Amino acid sequence: MTTVEPTAPAPATTPDAPAVLADVAGMLRTMLDEDGLDDIEVAMDTRFTDDLELESIDLVTLAGTLQDRYGQEVNFAEFVADLELDEIIGLTVGQLVQYIVRCLSTAQVRAVEGS
């Protein structure tokens, strides 16, 4: 059985929300495992601050992991820069997943148009 590391390049086809959720949940579990919190359920409505108790440094780590996995197409800092403070505090995994799917879909369209 082959396992995919979080730093593997993104697949050629655009992943759907469940696939991206699985990727993001894996990244978060890896991060949370270091704090002994690996048994937390990660779903679309899971909140980064309230449910996962992530701090800003954790979000920076997540941003780096996302970039390693998805490349320049997914810019977490740009995503949160467009949010108000209360929106960042209430940010859910689902909002991030939808952002990633949009970014990857846009990148795929650009790649097809540029071919």
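The values are calculated or read from the model by the stated rules, or taken from the named source; none is laboratory data. A quick note: this is a predicted structure, and the numbers were derived from the prediction, not measured. Ligands, DNA and RNA are excluded from the accessible area calculation, which covers all protein heavy atoms including side chains. Shrake-Rupley method; radii C 1.70, N 1.55, O 1.52, S 1.80 Å.
For the stretch 17-113, report the accessible area per residue in Å² (1.4 Å probe, heavy atoms, rounded to an integer).
I get 56 Å² per residue for this part.
With Rg and the Kirkwood Rh both taken from Cα atoms, where does Rg over Rh land for the stretch 42-99?
My calculation puts Rg/Rh at 0.93.
So how many Å³ per residue does the convex hull of the Cα atoms of the stretch 17-113 work out to?
Convex hull volume per residue, Cα atoms: 90 Å³.
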